[in-house]
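Nothing in this text is a laboratory measurement; each read-out follows from the coordinates by a stated rule. In this text the structure is predicted, and so the values were computed from the model without any measurement. Here the Cβ is made from the backbone with ideal geometry for all residues, glycine too, and neighbour counts use every protein chain on show.
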Amino acid sequence: MVRFKFLIFTTFIVFPMIFFAQKGYESGCIITNSNDTIVGLVKDRKSPPFGKLYKKIYFKNANNKRKYSPLQILGYKQGNREFESIWIEISGSLIDETYISETTVGEKQFLKVDLKGYLTLYQMEITDPESDYIDQILLFKRMDENYLQRVTQGLFGLKKKKLQIYFKDCPELLLKIENQELNTPIEIAKFYNTWIKENSFN
């Protein structure tokens, strides 16, 4: 009898949960344009093989089941990942792109937030059209500026010449980058945010 009850539990409770998880949904929430948080389950991509990013995220909870575009929400969380809806206009060449962020200019996209602060580190995720591989473009954005700075360039690593201009207000940071004391975008962002906080009233 106990085994029969366990079998019933597995069939009607566990298996649907496994199947549900396989569909790519994770616990999370959406942030509405009125800044309300609605908890539920979120799916933003199709898993490999034949993986791809969705232009609209799928959201469901007990009261709601629908898709949301970057225009319809401020952002969302999926698992431990956070995404913001940002206006982006991209121009320039492949190796010297310019990223402008002004309201109604370009299009709104979901950017992954790696580190939030006065200087935020974003990931712009892109799908390789010839494969199911999802690549990332790392971008810095200061809170009071209307553009983003690309941080790395593929296999070449940090865009040091661009970062020298971008962080000209912080010679200490530039020295640490040059001396390879700071080697990753997140290390740079953490150092700069701490430096800004300590020098904001000087």
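One equal scatterer on each Cα of the range 60-108, no solvent, Debye formula: the resulting log10 I(q)/I(0) at q = 0.14 Å⁻¹ is -0.51.
Sequentially through the range 28-38, phi angles give Karplus couplings (6.51, -1.76, 1.60; θ = phi - 60°) of x, 6, 10, 10, 6, 5, 9, 6, 8, 9, 10 Hz, Gly and Pro residues having no value and appearing as x. In percent, rounded to a whole number, the relative contact order of the chain is 12, using alpha-carbon pairs under 8 Å and six or more apart.
The calculated 222 nm mean residue ellipticity attributable to helices in the chain amounts to -6500 deg cm²/dmol, summing -39500 (n - 2.57) over DSSP H runs of n ≥ 4 and dividing by all residues. With kT/(6 pi eta Rh) evaluated at 10 °C and eta = 1.306 mPa s, and Rh the Kirkwood radius from Cα pairs, the range 81-202 diffuses with a coefficient of 104 µm²/s according to Stokes-Einstein. Using the Cβ-Cβ distance between ILE126 and SER34 with R0 set to 30 Å, the FRET efficiency works out to roughly 0.50. Quantify how much of the Cα-Cα distance distribution of the range 128-178 extends past 18 Å, in percent. The share of Cα pairs beyond 18 Å in the range 128-178 comes to 42 percent.
The alpha-carbon of LYS60 sits under 19 angstrom from the alpha-carbons of these aspartates and glutamates, leaving out residues fewer than 8 places away in its chain: GLU26, ASP36, ASP44, GLU82, GLU84. Using the structure shown, list the pairs from LYS23/LYS56; LYS116/LYS162; LYS65/LYS108 with a Cα-Cα distance above 18 Å, or answer none. In this structure, LYS116/LYS162; LYS65/LYS108 lie more than 18 Å apart at Cα. The aspartates and glutamates within cross-link reach of LYS190, meaning a Cα-to-Cα straight distance under 16 Å and a gap of 8 or more places when in the same chain, are ASP114, ASP169, GLU172, GLU181, GLU198.
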